[in-house]
Structure formats: structure tokens, C-alpha cells
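Notes follow the structure.
The values are calculated or read from the model by the stated rules, or taken from the named source; none is laboratory data. Source: prediction; values computed, not measured. Here Cβ is always computed from backbone atoms with ideal geometry, including for glycine, and neighbour counts include all displayed protein chains. Keep in mind that these areas ignore ligands, DNA and RNA; they rest on the heavy atoms of the full protein, side chains included. Shrake-Rupley method; radii C 1.70, N 1.55, O 1.52, S 1.80 Å.
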There are 2 protein chains.
Amino acid sequence: MKTLVILSHPDIKESSSQQYLLSSVPEDSDVTLHHLEQLYPDFKINVAKEQALIAAHDRIIFQFPFYWYSSPALLKQWQDEVLTENFAYGKTGQILQGKEFGLVLSVGIPEREYQAGGKEGFSINELTKPFQAMARKTGMSYLRPFTIYQFAYMTEEQKMNVLIEYQLYLSHENETSLASRENWFLEQLGKTNLAASGSADADKLAHIIEIIEENRDTIDDLKLSLEEME
Amino acid sequence: MKTLVILSHPDIKESSSQQYLLSSVPEDSDVTLHHLEQLYPDFKINVAKEQALIAAHDRIIFQFPFYWYSSPALLKQWQDEVLTENFAYGKTGQILQGKEFGLVLSVGIPEREYQAGGKEGFSINELTKPFQAMARKTGMSYLRPFTIYQFAYMTEEQKMNVLIEYQLYLSHENETSLASRENWFLEQLGKTNLAASGSADADKLAHIIEIIEENRDTIDDLKLSLEEME
């Protein structure tokens with residue numbers, strides 16, 4: 001499966017969360033990172049090139065900071081210019097049909113504020129309706145969004161957890177068992193850049209593998225106990 | 001009351017609905033028309049100028065074609081650059097507090113498709129949540145949106161009706177009686193550009209005044225009948 005990450009961030013070098021996420025994607029993987037502001041700083045989008053890129057991928061991800069409850073302007077421009085009638089929808093427009101669509105959102109405000117009674121008043125689910133409607137109109141299946149709240153305030157362990165979940169979100173088959181997620185992760189570890197990027201990171205990875213294996217042992221023990229009780 | 005219409009349309013000369021609406025706003029009125037694509041074709045927004053403009057008005061309207069269930073990109077850029085922390089929200093940001101906020105949307109698809117079971121699947125109310133959240137965060141009161149569906153397919157009489165409702169939306173006090181709306185409209189007629197723009201238009205206006213006066217007579221008759229019955 002090939003994944004296209006359409007990344008929109010006007011100031012990506014200043015974003016610690018984006019830098020952290022991007023550093024984790026191996027260059028030789030099936031994931032294509034595509035940063036719009038870097039490619040099109042003047043908002044002049046190469047429509048034919050973008051359309052060809054979409055056609056060549058199976059999962060399309062919009063990754064962006066959640067500015068005013070939506071995407072930065074350049075991603076909106078991209079939608080308006082690239083997702084044209086008879087390409088993305090309409091009688092002859094079935095290029096996106098059957099692909100998967102996901103959102104990777106970075107949000108500066110705590111999750112609890114995104115509900116009635118909270119400071120933001122609306123849920124992420126409500127605020128992303130325009131993207132849900134876009135996926136629906138173009139025939140893509142809409143994945144649960146991957147939302148990162150207040151990355152800057154996370155502990156190192158929380159950040160590492162975000163990284164694992166992010167990699168799963170980009171390239172793992174949808175809706176699978178815990179055991180299969182674990183296997184997938186253990187396989188990925190060999191490929192990731194992080195293993196080579198310093199001993200502190202390597203230590204963390206070793207720690208994570210340990211946790212996974214401990215969890216497996218615990219689950220196996222629980223299953224055995226259950227079988228004995230029956 | 002002073003109204004600022006922030007208009008975003010990348011191709012306004014080709015839009016019959018926008019041309020029709022704009023032609024109806026008198027130049028000497030309390031309505032300021034502000035077309036972003038004309039002012040900032042290169043997406044470089046003069047933030048200080050825009051912030052001063054907002055501060056000088058009581059009702060802020062976003063007027064745009066509903067592209068991919070949201071605004072064109074330049075209006076999003078405007079939100080992200082102009083509505084900054086400590087201007088539009090935050091501890092010292094109360095410039096918008098108490099102002100009114102409205103949407104004027106032109107939509108190319110029939111109203112009935114905007115619901116579960118319809119081709120678009122979501123209502124305009126659901127799809128405009130990001131704007132509702134913006135009004136909420138900045139302390140503006142959110143007006144019912146003014147949505148124009150399939151303007152190109154309307155009869156002349158329907159178009160004229162849209163024009164009247166549009167003018168009410170821009171400059172009339174919110175939530176008032178039918179009689180007050182009629183009085184307001186009759187007063188506005190003297191000011192409008194349309195009266196001077198050709199005999200066909202003048203005829204239409206005369207026709208509308210006639211309809212309003214007939215409606216009033218009917219209402220008065222009904223009231224009399226009711227009183228007699230009591």
C-alpha cells in the first residue's frame with residue numbers, strides 16, 4: 001500500500017511536532033511526504049503533477065496544524081484546484097474512488113476543550129465535517145483522524161507513543177487485531193531512521209520492545225487463567 | 001450600523017450571482033465591500049489595514065462561493081493572518097466582541113442535497129461549524145447564514161427576491177417584525193442604484209412595491225376579520 005502525506009504548514013521549521021513526525025518516516029518507505037508550502041510558496045499549484053501523484057497512491061493523508069478549525073490556506077487552494085469535476089467527482093471522475101482518506105491534525109489546545117461546555121465549544125468530529133463531506137463526495141473511505149493535542153507539553157514517552165501511532169496511521173492496514181499491530185511494529189523497527197539516529201533513541205526503542213513483549217506475556221497469562229477457569 | 005462585506009471569489013467577473021448582488025449595494029451606504037482577490041492577488045495581506053477595517057465596523061460578513069464545503073483559500077489566509085491572538089481573541093483581544101458575524105454563501109447544488117440521504121450528505125449548518133466556532137471564540141454573535149442555492153436557475157422574480165433579502169441581511173437590524181422589514185425596504189428603495197440603472201429594473205421595483213402594498217392590505221383585511229370574529 002502506498003501512502004501520500006499532503007503536508008501543509010506555513011512555518012514547518014518552527015514546528016517541533018512536524019519535525020518530530022517527519023524525522024520518523026524512512027526515505028525508502030511506501031510513504032511519500034509532500035510539503036505544499038515548500039513546493040508552491042507562491043500558491044501556483046502544478047495541477048497535472050498533483051493529480052498524477054494522487055492517482056499513484058492508495059491512502060491520502062492531509063497533515064496540518066488546525067488553524068481556525070480548518071487547514072492552512074494553501075491546502076484549501078490545493079483542494080479547489082486539484083480536486084476538479086471529472087477528476088475527483090462527477091461522471092468520469094472516479095480516480096479517488098476506493099482510496100482511503102485520513103487527517104493528521106496538530107492542535108495547540110487540550111482535547112477536553114473541544115466539546116460543548118469546553119472553551120472551543122465544538123468537537124473535532126463536528127469541525128472536520130467539510131473533510132468528511134469531501135471524502136464522501138470523492139468516494140474515499142474516511143479513516144478516524146489522528147489528532148495530536150499539545151505536543152509541546154508531552155513527556156518523551158508520550159511523544160514516542162505518538163510516533164508509533166503515527167507510523168501505524170500512515171502505513172498499517174486499517175482495523176486489525178492487537179497482535180497484528182504488534183507484529184507490524186516490530187517489523188517496522190528495523191526500517192526506521194530512529195534506530196540509527198543516536199544511542200538515546202536506540203535505548204527508547206529497546207524499552208518499547210520490552211514493553212510490548214511484557215504486554216504479550218501478560219495477555220498470554222490472562223488467557224491461560226481464563227482457560228483454566230472454564 | 002456599519003457593515004463590512006469581506007468578499008472572496010477567485011473569479012468574480014464570471015460569477016453572475018456575485019455581480020448581481022454587488023450591483024445592488026449603493027456606494028454611499030453604510031456597507032463597505034471588500035474584495036480580497038482584487039486587493040491581494042499574490043496572497044500578501046496587509047494585516048494592520050485589515051485589522052483597522054474590522055475595528056471600524058459593527059457587522060462582519062464573509063461572502064463567498066461554497067468551494068469544497070468552505071471558503072476560497074484567500075479568505076482562509078485572511079483568517080489565519082488577520083485574526084491573531086491578542087487581537088481577535090486572548091487576554092487583550094476583544095476587538096470583535098459584541099459585533100455580529102454573518103455568512104453569504106453561493107452554492108451550486110440544490111438545498112435538498114444538503115442533508116443525510118442527499119447527494120452532499122451533510123447540512124450547511126454542519127459544514128459551517130468552523131465559522132460558528134470562529135464567531136464563538138472571537139465573541140461575535142452568529143447570524144443565520146444567507147445561502148443562495150443555484151442562482152443561475154432562478155427566475156427574474158426569484159433573483160429580485162434574493163436581492164431584497166440580501167440587502168436586509170447586510171444592513172437591517174436583526175430579528176424584527178414584518179412591518180418593520182417592509183418599512184426598511186421602502187426606505188432603501190430610494191437609495192438603491194437599481195432605480196437609476198434602467199427602465200426594466202425600475203419596472204421591477206414598482207412591481208415589488210405593489211406586491212408589498214397588496215400584502216399589507218391583505219394582512220390588514222385579515223386582522224379586521226379576526227377582530228370582528230372576536
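Residues that are open to solvent by 20 Å² or more (accessible area, probe 1.4 Å) and within 18 Å of B:VAL5 (Cβ to Cβ) are absent from region B:125-135 altogether. Taking every residue in region B:75-94 that is facing chain A (nearest Cβ under 8 Å) and pairing it with any residue that is open to solvent by less than 60 Å² (accessible area, probe 1.4 Å) and basic (Lys, Arg), at least 6 positions away or on another chain, the pairs with Cβ-Cβ distances below 6 Å are B:LYS76/A:LYS76. Among the residues of region A:1-17, write down those that are away from chain B (no Cβ under 14 Å), farther than 16 Å from A:GLY102 by Cβ and open to solvent by less than 60 Å² (accessible area, probe 1.4 Å). Within region A:1-17, A:ILE12, A:SER15, A:SER17 qualify. Within the bounds of region A:36-43, is there any residue that is at pLDDT 95 or above and either over 20 Å from A:LEU83 (Cα atoms) or more than 14 Å from chain B (Cβ to nearest Cβ) (or both)? Yes, because at least one residue in region A:36-43 is at pLDDT 95 or above and either over 20 Å from A:LEU83 (Cα atoms) or more than 14 Å from chain B (Cβ to nearest Cβ) (or both).
A search for C-beta distances below 8 Å between a residue of region B:101-124 that is more than 10 Å from chain A (Cβ to nearest Cβ) and farther than 15 Å from A:TYR89 by Cβ and any residue that is outside any loop (DSSP other than H, G, I, E, B) and of a type in the set (Gly, Ala, Ser), counting only pairs 6+ apart in sequence or on different chains, returns B:PHE101/B:ALA135; B:PHE101/B:SER141; B:SER106/B:SER17. All conditions but one from (1) open to solvent by 20 Å² or more (accessible area, probe 1.4 Å); (2) within 26 Å of A:ASN125 (Cα to Cα) apply to A:SER71; the one that does not is (1). Of all residues in region A:32-60, those being under 18 Å from the mean Cα position of the chain (by Cα), open to solvent by less than 20 Å² (accessible area, probe 1.4 Å) and not charged (D, E, K, R) number 5.
Filtering region A:125-143 to residues that are more than 9 Å from chain B (Cβ to nearest Cβ), touching a residue at least 40 places away in the same chain (Cβ under 8 Å) and either closer than 18 Å to B:ALA133 by Cα or of a type outside the set (A, V, I, L, M) (or both) leaves A:THR138, A:GLY139, A:SER141, A:TYR142.
A:LYS137 falls short of the stated requirement of being basic (Lys, Arg) and farther than 20 Å from B:LEU127 by Cβ. The criterion of at least 2 residues that are at negative phi and of a type in the set (Gly, Ala, Ser) is met, among helices (runs of 4 or more DSSP H) falling completely within region A:112-173, by A:129-138.
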